[in-house]
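Working notes, structure below.
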């Protein structure tokens, strides 16, 4: 199903729709909020506090920031569907790999969104479900984040723009620090799982460094990523007609 | 929340905090939120008296119960004594 809700075609010569700007900006803000949420979650579970930042403040911030992240991801999903330039259906935004537009990379976004919903719902029901069920589900946060980042690189048309690249690198740095702060103090006690966590962080960083230059940062990424040919042609004609708009549309 | 606490009191019930010592791992957030009712021992575990929670502190007591990371803090309502 590739039916889009009230498609908003580009105004002739007028550049991309407002939704297009909204979906890119809400996506970037969601990445910042998700990073902050994981960092605060680690600070919370590691019992970090100061006299001016007691634990319940860290805990409360973690909850509020996470909820705000969900709100921004919902806005990100809704605006990308409403934009209508790329054929993204509401089903493809929720069901992984059901999209005709960059199926794999959009699918990662859907997986990440679903994981986020699971985290949010179990946290709202935390006092009503078993503690173990909540805790087990909460570990998914560590899967949700890298999947969201890969979606950002693979689908995001701003991947080659310096501001998003530096933002992403900063977020990877914050997350790596957070995972280390979580895993290192436990290293003596849980050698295997702490080692695996540290290995995963290192492996992810190495993977990004190896993959990005030939992948999302390469010129032919839009084609490689599975953008429908009709859009590729459209994008190149758009680029000439709306040159200088700085739209960052997927380019062939 | 405070409205419900009010009706509870009018019915003659009282609210008491209790800790499940098996689940508690001494995060100490309950003490941060409600030092009036919850003290900490030298290892950081809560020490809670049997006094009823005053109506003015009920909202904070509920927040402490919600915040407890291991859900070890309980707020019980007792009928008339």
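A short reminder: the numbers here are calculations on the coordinates, not readings from a lab. Owing to the predicted nature of the structure, the values given are computational and were not obtained by experimental measurement. Quick reminder, even Gly has a Cβ in these numbers, built from the backbone with ideal geometry, and neighbours come from all protein chains shown.
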Exercise for the section: Can you tell me the 0 to 90 degree angle between the C-alpha axis of helix A:18-45 and the longest principal axis of chain A, rounded to 10? Expected result: 10 degrees
Problem - segment B:2-78: C-alpha gyration tensor shape, a/c 1.5 cut-off, then a/b vs b/c - result: prolate
Fill in the blank from the handout: Mean separation of Cα contacts under 8 Å (at least 6 apart) over the residue count of segment A:18-238, i.e. the relative contact order in percent, is 20 percent
Problem - Between 0 and 90°, nearest 10: helix A:141-155 axis offset from chain A longest Cα axis - result: 20 degrees
Handout entry: Estimated translational D of chain A in µm²/s (Stokes, Kirkwood radius over Cα pairs; 37 °C; 0.692 mPa s)
Key = 169 µm²/s
Exercise for the section: Over segment A:65-187, calculate the relative contact order: mean separation of alpha carbon pairs under 8 Å at least 6 apart, over the residue count, as a percent. Expected result: 18 percent
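Which whole-number percentage describes the relative contact order of segment B:2-78, with Cα contacts under 8 Å and a sequence gap of 6 or more?
Computed over segment B:2-78, the figure is 44 percent.
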Handout entry: Residue order, fewest to most beta carbons within 10 Å, for A:230, A:80, A:152
Key = A:230, A:152, A:80
Handout entry: Nearest 10 degrees, 0 to 90: helix A:191-211 Cα axis against chain A principal axis
Key = 20 degrees
